[in-house]
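Below is one structure; the comments refer to it alone.
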Amino acid sequence: MKFLILAISLIIVNSGRLTADIYVESLCPYCMMFIKDSLYTAITTPNIEQMVHIRLIPYGNTKRKIVDGKWVFTCQHGEAECYGDLIELCAQDSIVKALGAVAAEIPKAGVVHCIENYIQKPYTNNSFVQAALHCQQYYPYDANDVINCASNSYGELLHLIAADETDNLVPKHKGVPWAVANKQFTEETGDEIINNLLRWACQNYDGEKIEACYTQQE
């Protein structure tokens, strides 16, 4: 299984690693482009995790408010997007529980790619249910657990955690995908990550670079 190969890859965790936090939405067209291109190239590059810790946070431009004592979320691309964000958050959480935080870094990003790559129009909640069922063959989670999570209080908690992180960005995000390097945002660096995450990592990592940095094409 692909996730097993990724999980047993050597991960060197040190203070010199870069971080790339990318804020996305499950039905944002530009997010899908990033996930299927720049992100996919990076996470399928052997040993990329030695240079950069990649995180995807599905929430984006969602708005929230309390109505009758309950949180209500309004997503930019409709209710299906809210559900898709929940499926992705719950899948990521399940993978962390299965592998541990460090070993789960690349699989967490990978499962979001798998889901985004599988869903097809017209986008509905069921699109994400089917994607969760499909992607469990590649990643260590139980799809039924993920689907249940997306509809229960634990899923709401994960949604709120993603909401708090996104809403507290400094500066405030102006759209998605929104990339933050090493916990500091600049528009230039954000664009570099979105356009070519692997190249950005190769150009900015100060330690011993992985082989792909010397062989990648522009």
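Report ³J(HN,Hα) in whole Hz for each residue of the range 122-138, in order, from the Karplus equation J = 6.51 cos²θ - 1.76 cosθ + 1.60 where θ = phi - 60°; Gly and Pro get x.
Each residue of the range 122-138 in turn: x, 6, 9, 4, 5, 4, 6, 4, 5, 5, 4, 5, 5, 6, 5, 6, 10 Hz.
Hey, got the dipole for the range 17-70? About the Cα centre, +1 on K and R Cβ, -1 on D and E Cβ, debye to the nearest 20? All intermediate terms of the calculation are to be shown ahead of the outcome.
Working: 7 positive and 5 negative charges, 52 e Å.
Rounded to the nearest 20 debye, it is 260 debye.
For n ≥ 4 DSSP H runs only, could you compute -39500 (n - 2.57) per run for the chain, divide by its residues and tell me the 222 nm figure to the nearest 500? The partial results should precede the final answer.
On the way: 11 runs with 105 residues, N = 218.
Computed mean residue ellipticity for the chain: -14000 deg cm²/dmol.
From the backbone phi of the range 20-33, what are the Karplus-calculated ³J(HN,Hα) couplings (6.51 cos²θ - 1.76 cosθ + 1.60, θ = phi - 60°) in whole Hz, Gly and Pro given as x?
Residue by residue, the range 20-33 yields 10, 9, 10, 9, 9, 10, 6, 10, 6, x, 6, 5, 4, 4 Hz.
As a footprinting exposure proxy, order Phe128, Phe34, Phe73 by other Cβ within 10 Å, with the fewest listed first. Each step should come with its number before you reach the end.
Numbers: Phe128 28, Phe34 23, Phe73 19.
Going from least to most buried by this count: Phe73, Phe34, Phe128.
Under 20 °C and 1.002 mPa s, how fast does the chain diffuse according to Stokes-Einstein, given a Kirkwood radius computed over C-alpha pairs? Answer in µm²/s, whole number.
On the way: Rh = 17.5 Å.
It comes out at roughly 123 µm²/s.
Counting pairs of alpha carbon atoms under 8 Å apart in space and at least six apart in sequence, what relative contact order in percent does the range 42-90 give?
Numbers: 30 pairs, mean separation 14.2, N = 49.
Over the range 42-90, the number comes to 29 percent.
Say each of Gln184 and Lys172 gets a label point 7 Å from the Cα, pointing the same way as Cα to Cβ; how far apart are those two points in nm?
2.4 nm
Just name one of Ile115, Ile57, Ala91: the one whose Cα is farthest towards the positive end of the charge dipole of the range 51-118 (beta-carbon charges, Lys/Arg +1, Asp/Glu -1).
It is Ile57.
Determine the relative contact order of the chain: mean sequence separation of Cα pairs under 8 Å and six or more apart, normalised by residue count, in whole percent. All intermediate terms of the calculation are to be shown ahead of the outcome.
On the way: 334 pairs, mean separation 69.1, N = 218.
Across the chain, relative contact order equals 32 percent.
About the Cα centre of the chain, what is the dipole size in debye to 20, counting +1 per Lys and Arg Cβ and -1 per Asp and Glu Cβ, all else neutral?
Numbers: 16 positive and 26 negative charges, 35 e Å.
I would put it at about 160 debye.
Long-range amide H contacts for Leu18: which residues qualify at under 5 Å (H placed 1.01 Å from N, peptide plane, sequence gap of 5 or more or a different chain)?
Val52, His53
How many angstrom separate the Cα center of the range 102-147 from the Cα center of the range 196-218?
Centre-to-centre (Cα) distance: 28 Å.
Projected onto the charge dipole of the range 60-218 (+1 at Lys/Arg Cβ, -1 at Asp/Glu Cβ, origin at the Cα centre), which of Leu198, Thr166, Tyr139 gives the Cα projection farthest towards the positive end?
Thr166
Step through the residues of the range 180-185 one at a time and calculate ³J(HN,Hα) from phi using the Karplus curve (6.51 cos²θ - 1.76 cosθ + 1.60, θ = phi - 60°), rounding each to whole Hz and writing x for Gly and Pro.
Result, ordered by residue: 10, 9, 6, 6, 10, 8 Hz.
Assuming a viscosity of 1.306 mPa s and a temperature of 10 °C, what translational diffusion coefficient in µm² per second does Stokes-Einstein assign to the range 67-172, Rh being the Kirkwood radius over Cα pairs? Each step should come with its number before you reach the end.
Numbers: Rh = 14.2 Å.
Once the numbers are plugged in, D ends up at 112 µm²/s.
State, to one decimal in nm, how far the label point of Tyr154 lies from the label point of Val72, with both points 7 Å from Cα in the Cβ direction.
If labels sit at Tyr154 and Val72, their model points lie 2.8 nm apart.
What does the charge dipole of the range 32-113 about its Cα centre add up to, to the nearest 20 debye, if the Cβ of each Lys and Arg holds +1 and the Cβ of each Asp and Glu holds -1?
Values: 8 positive and 9 negative charges, 42 e Å.
Once rounded to the nearest 20, the dipole reads 200 debye.
Could you pull out the GluC sites (Glu not before Pro) across the range 120-210 that fall in loop regions by DSSP (anything but H, G, I, E, B) with no more than 11 other Cβ atoms inside 10 Å? Let's see the in-between values first.
Working: sites: Glu156, Glu165, Glu187, Glu188, Glu192, Glu208; in loops: Glu208.
The qualifying sites are Glu208.
I'd like the distance separating the alpha-carbon centroids of the range 158-187 and the range 36-60, in whole Å.
The distance from the Cα centre of the range 158-187 to that of the range 36-60 comes to 16 Å.
A short reminder: the numbers here are calculations on the coordinates, not readings from a lab. Please read these numbers as outputs of a predicted model, since none were measured by experiment. Every residue, glycine as well, gets a Cβ built from its backbone with ideal geometry; the counts of neighbours run over all protein chains shown.
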